[in-house]
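The values are calculated or read from the model by the stated rules, or taken from the named source; none is laboratory data. None of the values given here were measured: they were computed from a predicted structure. Here the Cβ is made from the backbone with ideal geometry for all residues, glycine too, and neighbour counts use every protein chain on show.
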């Protein structure tokens with residue numbers, strides 16, 4: 001008999017767009033499925049900065065950030081850090097810190113604030129390993145799994161889920177987990 005306790009379970013998350021709407025999909029993780037929203041530009045193999053598309057590919061879950069003032073530390077095996085008001089993400093392809101976490105204010109860099117007050121979408125952020133090793137200027141930045149807007153509107157390129165669904169998915173994840181974003185079913 002083989003002792004399977006020595007084998008590590010790796011969570012593989014699959015995201016598949018629906019055939020009728022390239023901005024919505026189904027995220028499958030841990031034997032369960034969750035509705036999700038994707039980029040307003042659908043999914044693409046040729047991601048570029050500002051195209052609003054979600055990149056196709058398989059990505060590690062690098063880190064989880066969360067708003068400590070809006071909830072507990074997410075139960076996950078992925079390293080987690082509270083979001084602070086001085087955190088940003090550089091989305092300026094001409095800057096040396098492109099597609100990286102930065103401390104605000106960050107001179108000469110167009111960035112996205114991680115501590116959002118206008119909505120709750122960044123209350124929980126799982127950073128995906130898209131375009132980070134190596135970083136290629138202009139290939140896209142700030143690709144996350146995060147909380148969806150209540151009306152489930154498309155993202156700027158991320159994968160978004162209802163907060164309770166995102167928490168359930170992250171609970172199944174650890175440092176070896178990854179997410180595979182698939183091309184549309186009708187893609188050639």
(message) On the basis of being within 30 Å of residue 185 (Cβ to Cβ), at pLDDT 95 or above and outside any loop (DSSP other than H, G, I, E, B), does residue 28 make the cut?
(response) no
(message) Any residue in segment 36-49 that is on the phi > 0 side of the Ramachandran plot and in a loop (DSSP other than H, G, I, E, B) sitting within a Cβ distance under 9 Å of a residue that is surrounded by fewer than 24 Cβ atoms within 10 Å (Cβ to Cβ) and modelled with pLDDT under 95? List the pairs, counting only those 6 or more apart or interchain.
(response) 42/21; 42/22; 42/23; 42/184
(request) Output the residue which, of all residues in segment 141-172 that are out of contact with any strand residue (DSSP E or B) (no Cβ under 6 Å at 6 or more places or on another chain) and surrounded by 22 or more Cβ atoms within 10 Å (Cβ to Cβ), is farthest from residue 98 (Cα to Cα). (result) 170
(request) Give segment 106-128 a look and list any residue that's touching a residue at least 12 places away in the same chain (Cβ under 8 Å) and farther than 24 Å from residue 35 by Cβ, or say none. (result) 106, 108, 109, 110, 111, 112, 113, 114, 115
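For (1) part of a loop (DSSP other than H, G, I, E, B); (2) in contact with a strand residue (DSSP E or B) (Cβ under 9 Å, 6 or more places away or on another chain); (3) under 29 Å from residue 21 (Cα atoms), each residue gets a yes or a no:
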{"position": "62", "(1), (2), (3)": "no, yes, yes"}
{"position": "74", "(1), (2), (3)": "yes, yes, no"}
{"position": "97", "(1), (2), (3)": "yes, yes, no"}
{"position": "102", "(1), (2), (3)": "no, yes, no"}
(request) Determine whether residue 36 is modelled with pLDDT under 95, crowded, with 18+ Cβ neighbours inside 10 Å and more than 15 Å from residue 173 (Cα to Cα). (result) no
(request) Hey, can you tell me all the residues within segment 44-55 that are touching a strand residue (DSSP E or B) at 6+ places or on another chain (Cβ under 8 Å) and modelled with pLDDT of 95 or more? (result) 47, 51, 52, 53, 54, 55
(request) Go through segment 76-91 and give me each residue that's buried (at least 16 other Cβ atoms within 10 Å of the Cβ), out of contact with any helix residue (DSSP H, G or I) (no Cβ under 8 Å at 6 or more places or on another chain) and assigned to a loop (DSSP other than H, G, I, E, B). (result) 91
(message) If I filter segment 92-111 for residues that are closer than 21 Å to residue 74 by Cβ and surrounded by 23 or more Cβ atoms within 10 Å (Cβ to Cβ), do I get at least one hit?
(response) no
